[in-house]
Structure formats: C-alpha cells, structure tokens
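What follows is a set of notes on a single structure, which appears directly below.
We did not get these values from a lab; they are worked out from the coordinates using the rules stated. In this text, all values refer to a predicted model and were calculated from it rather than measured experimentally. With ideal geometry, Cβ positions are generated from the backbone for all residues, glycine too; neighbour counts draw on all protein chains shown.
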Amino acid sequence: GGVDEGEDLETAARRELQEETGVTSIELLARTDGWIAYDFPKDYGGSKQARGYLGQKQVWFAYRFTGEESEIDLEAHEVEFDAWRWGGLSEACNLIVPFKRPAYEQVVAAFSVFAA
C-alpha cells in the first residue's frame with residue numbers, strides 16, 4: 001500500500017494493516033531506521049512496470065498483535081490475500097518472491113529482537 005496525502009508513515013501503516021487484514025488491535029514495537037528498497041526484475045512484466053515503476057522503497061513497522069484471531073478478516077476491504085497463518089519471522093524470507101528477499105532479510109535483521 002501507499003501513503004495517502006497528508007498521512008505520516010505510521011498512520012499509513014496502521015491503515016494499510018486494517019484494510020488488508022481487518023486488524024486494529026496492535027502495539028507499536030519499532031520501525032526500520034531508514035528506507036528498504038528493492039527493484040522489480042526486468043522480466044517482471046507486471047502492471048507496475050507498465051506504469052513506469054522500477055521498484056519500491058519502504059519503511060517497515062513491527063507491531064505486537066493484541067487482539068483475538070477473530071479480528072483477522074482478509075475481506076475487510078479489497079481482498080489482497082487468500083489465506084494467513086502464524087509463523088516465525090525467520091520464515092518470511094523463504095515465503096516471498098526471490099527479488100524481494102534481500103529487502104526481507106533487512107527487515108528480519110531489524111526486527112529479530114522481537115522474534116520469539
């Protein structure tokens with residue numbers, strides 16, 4: 001997701017989380033110190049490249065979920081995911097497309113202190 005005009009980054013992150021998962025019961029733990037970037041591969045061919053995007057840069061936030069699982073609703077807004085599950089932070093890099101892995105490795109390193 002993106003940042004709407006007039007929104008700060010943390011407000012945008014909370015809004016995107018709510019839109020994509022229905023989750024609002026969270027406690028902020030940390031954010032990455034700076035931007036984490038990745039490029040789309042030349043053969044990506046997605047609509048993002050057709051619109052002139054070369055990649056993305058993101059600031060990431062770590063939150064603790066304080067609600068009940070019944071709060072999680074992947075159809076809360078526009079559907080972007082078809083399933084979810086709890087997993088370890090260290091699993092994230094293996095679950096993402098290869099061109100995003102270096103960015104995810106930075107996120108895992110930044111937030112590993114919170115992983116149980």
Checklist entry - Fully extended, how many nm does the chain gain between GLU71 and ALA12 (0.36 nm per residue separation, minus their Cα-Cα distance)? => result 19.3 nm
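Averaging the inverse of every distinct alpha carbon separation and then flipping it gives the Kirkwood radius. What is it for the chain, in angstrom units? Spell out each step's value before the answer.
Working: mean 1/r = 0.0636 Å⁻¹.
For the chain, the Kirkwood estimate is 15.7 Å.
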Checklist entry - Helix 101-111: angle to the longest alpha-carbon principal axis of the chain, degrees 0 to 90, nearest 10? => result 30
Checklist entry - Which FRET efficiency value, to the nearest 0.05, do you get for TRP84 and TYR44 by plugging their Cβ-Cβ distance into 1/(1 + (r/R0)^6) with R0 = 30 Å? => result 0.75
Checklist entry - What ³J(HN,Hα) values, in whole Hz, does the Karplus curve 6.51 cos²θ - 1.76 cosθ + 1.60 give for the stretch 81-96 when θ = phi - 60°, with x put for Gly and Pro? => result 10, 10, 6, 8, 7, 6, x, x, 4, 5, 6, 4, 5, 7, 9, 9
Item to check | Cα-based radius of gyration of the stretch 70-116 once divided by 2.2 N^0.38 Å, which approximates compact folds | outcome: 1.36
Checklist entry - For ASP4 and ILE96 in the same chain, what is the full-extension length gain: residue separation times 0.36 nm, less their Cα-Cα distance, in nm? => result 30.6 nm
Checklist entry - Rg and Dmax of the stretch 6-48, Cα atoms, in Å? => result 14.3, 39
